[in-house]
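In what follows, a structure is listed as structure tokens, so that the remarks can point back to it.
Just so you know, all these numbers are worked out from the coordinates, no wet-lab data involved. All figures in this text were calculated on a predicted structure; none of them were measured in a lab. Here the Cβ is made from the backbone with ideal geometry for all residues, glycine too, and neighbour counts use every protein chain on show.
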Amino acid sequence: MELIKARNVGFSYASQRVLHGIDFTLYAGDVVSLLGPNGSGKSTLLKILLGLYRSSGEVTLLGKKLQHYKQAELAQHIAYVPQSHNMPFTFTAFDVVLMGRLAYCGMFSNYSKVDRNLAHDALEKVAMSALADEPFSNLSGGQQQLVLIARALAQQAHILLMDEPVNGLDYGNQIRLLRLIKDFSSQGYTFLKTTHHPDHALYCSNRVALLKRGRMLACDGVERVLTAENIATLYGVEVEIMCTEQGERFCLPCGSASIDFKAVPAAMSAA
Amino acid sequence: MVRAQADIASGVTLQQRQEVRLRKEQWVFFVLVMLLLAVMQMSLLLGKYPISADEYLAFAKLYVTGHGAEAAQRFSTLYSVLVEIRLPRIIAASIIGAALAVAGSTFQAMFVNPLVSPGLLGVLAGASFGAALGMVLRLPWFGIQLAAFVCGALAVALALLIAMIYKNSRSVIILILGGVISSSLFTALLSVLKYTADPYDTLPAIVYWLMGSLSFCDSATVGLLFGPMLAALIGLLLLAKQLNALSLGDEEARALGVNVRRIKVIAITLATLISALCVVMAGVIGWIGLIIPHIARMLFGADNRKVLPASALIGAIFLLVTDNLSRTLFINEVPIGILTSLVGIPIFVLVLKNAREGFK
């Protein structure tokens, strides 16, 4: 089933064109990894699909145009899991999760018992109940990411859009987070996440989209898209895609160790 | 975190811990309400005209039991001192203190900045200019109040207009800059008025008014403005949930389903309304909108559902106490704006260490 469908999406910041003619479809049950160099427009595309930026072209959710949804309705379908970030004011983890229920509250009414219970359940699901009363900013990057995922669960959205979810996490937490995504995917959640790690895409996604300088290079099944050639085109580095005896694929850098940062386009300030 | 793990080891569930915390917070609120009532009561008895306890009790008994007319007749001096002079002033001090503190908390959450005060968008500068203009034009008292209110609203409108010119830029910073520009403009215009004002009567009146005083509040003004101020105050308290989301940043708040634009428009309108009305009632009273939110966050954390009502209570208590000082400290009344700063600054320095826990 098609959940989100973007057709011919374009976007510019002021005079700078960031996205050109993007076609993309997110199907129910997908775990899509969005790969691309710094400044290729990944986060921008994510925010367009969330309805945060108005783009040219057309984005539909369940066949209805994004701009025809109210903000709260949209939030009941799609949740945003941002990169863990510092909050200037210290909310507790539980307060942060409770904010996932805003889309269900009347403008002037308070959170109900149901809302509080759902927030508790969500924290339970990511095994963060013990730290519910801790100030969010005291948590480690991995714990913050889990709390933000719990907030998306409390939001009862079935589509989760994640912006570099493993950014800043240690290796163990990265793998645990990817497993969590796999796990929730089997429970019926749909994921679209941006990432800088081809290995992570190989490990937990069924489809991969490649974005370079605002254009979609490829968007298809993992094995078709994540080839050594495509990664060379995308990042300008040589890699080899290897396969273990169990059939698990992984990506290994190879070739001469030339240090040529010019191959990577300079990060565009806007993204 | 150590505490949390120790609790798990001892079998205390999250719900139980949260209930304990909730009860603690309810206690703090109860204490604050009691404190406010006590300070209000004390303020009634404080003042130049000495009131004996017996007399007061006899009068209060009559007055509260619905024999107001009889009370007024038997204790005519007491009636005019208490009901006509002190009571309106106490009500004004409470509502102004509460309003400025809540407006400050709202702006700090909305602009994601703990250093912001209600005057951010220019409302205080605008209202000051308006009042001075009224005085220079020798308008009647009501005209001066109206001019203060209108110019306060105008200054905020100007700040918003400047922000709207640069629609696609980072809205919060542009909005703050719009406020800075608008404030500067009206401050400059105010200087022009001060320079041209009659130095023997109008200029002192303007200067005195800029230092703030609750002695401007007659019962008619209080009676007229109390209702709208209370309504706007309650309106802001009801936005607490959405303000929490706004302090995560606009995009995240929208992704959570909050209609950011609408909430901002309502919050700015209500905060401007109450700030302008505060100036109309008592001139310019600084510091409350900046420091009281910090004290509230020190007690309750960042959650605006608690910070806003706590700010209201603490702000009311603070202004009442300061006003009592201003009335009784010296033979002549000290302008309250001076005292809120002089009393507020040491308190702020003292709480700053702990208040820093409320924001990072």
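In terms of other Cβ atoms within 10 Å, A:Arg249, B:Arg138, B:Arg254 run from fewest to most in the order B:Arg138, A:Arg249, B:Arg254. Counting neighbouring beta carbons within 10 Å and listing from fewest to most, the residues B:Leu154, A:Leu26 come out as B:Leu154, A:Leu26.
Out of all DSSP beta bridges in chain A, what portion is antiparallel? Express it as a percent rounded to 5. Counting only bridges with both partners in chain A, antiparallel ones make up about 60 percent.
Bridgeable aspartates and glutamates around A:Lys5 (alpha carbons under 16 Å apart, same-chain partners fewer than 8 residues away excluded): A:Asp23, A:Asp30, A:Glu58, A:Asp220. Placing +1 on the Cβ of every Lys and Arg and -1 on the Cβ of every Asp and Glu, with nothing else charged, gives the protein assembly as shown a dipole about its Cα centre of roughly 700 debye. From the convex hull of the Cα coordinates of the stretch A:125-210, what is the mean projected area in square nanometres? Mean projected area of the Cα convex hull: 5.7 nm².
Rounded to the nearest Hz, the phi-derived 3J(HN,Hα) couplings of the stretch A:158-163 under the Karplus curve 6.51 cos²θ - 1.76 cosθ + 1.60 (θ = phi - 60°) are 9, 10, 10, 9, 10, 9, where x marks glycine and proline.
Derived scalar couplings between HN and Hα for the stretch A:36-42 equal x, x, 3, x, 7, x, 4 Hz in order, rounded to whole Hz, by the Karplus curve 6.51 cos²θ - 1.76 cosθ + 1.60 (θ = phi - 60°), x for Gly and Pro. The magnitude of the dipole of chain B, with charges of +1 and -1 set on the Cβ of Lys/Arg and Asp/Glu and taken from the Cα centre, is near 940 debye. Taking amide H positions as modeled 1.01 Å from N, with prolines and chain starts lacking one, the residues under 5 Å from A:Leu211 and 5 or more places away or on another chain are A:Leu35, A:Gly36, A:Leu217.
Take the Cβ-Cβ distance between B:Leu146 and A:Gln187 as r, set R0 to 56 Å, and report the resulting FRET efficiency rounded to the nearest 0.05. For B:Leu146 and A:Gln187, the calculated efficiency is 0.35.
If you take the square roots of the eigenvalues of the alpha-carbon gyration tensor of the protein assembly as shown and sort them as a ≥ b ≥ c, do you get rounded (a/c under 1.5), prolate (a/b over b/c) or oblate? In terms of gyration-tensor shape, prolate. Annotation: the antiparallel percentage among DSSP beta bridges lying fully within the protein assembly as shown is about 60.
Once the Cβ-Cβ distance of B:Thr77 and B:Ala38 is raised to the sixth power relative to R0 = 30 Å, the FRET efficiency obtained is 0.75. Our note on the geometry: Cα centres of the stretch A:117-147 and the stretch B:80-159, 42 Å apart. Which of the residue pairs A:Lys125/B:Lys24; B:Lys24/B:Lys306; A:Lys125/A:Lys193; A:Lys193/B:Lys264; A:Lys113/A:Lys182 have a Cα-Cα distance greater than 23 Å in the structure shown? Cα-Cα > 23 Å for A:Lys125/B:Lys24; A:Lys193/B:Lys264; A:Lys113/A:Lys182; rest within. Near the amide H of A:Met162, within less than 5 Å, lie the amide hydrogens of A:Val81, A:Leu192, A:Lys193, A:Thr194, all on another chain or at least 5 residues away, with H placed in the peptide plane. For the stretch A:210-254, applying the loop criterion from DSSP together with a ceiling of 10 other beta carbons within 10 Å to the GluC sites (Glu not before Pro) yields A:Glu245, A:Glu248.
The base-10 log of I(q)/I(0) for the stretch A:2-263, evaluated at q = 0.07, 0.09, 0.10, 0.15 Å⁻¹, reads -0.26, -0.43, -0.53, -1.14 [Debye formula, identical scatterers on Cα atoms, solvent excluded].
Normalised by the number of residues in chain B, the mean separation of alpha-carbon contacts (under 8 Å, six or more apart) gives a relative contact order of 26 percent.
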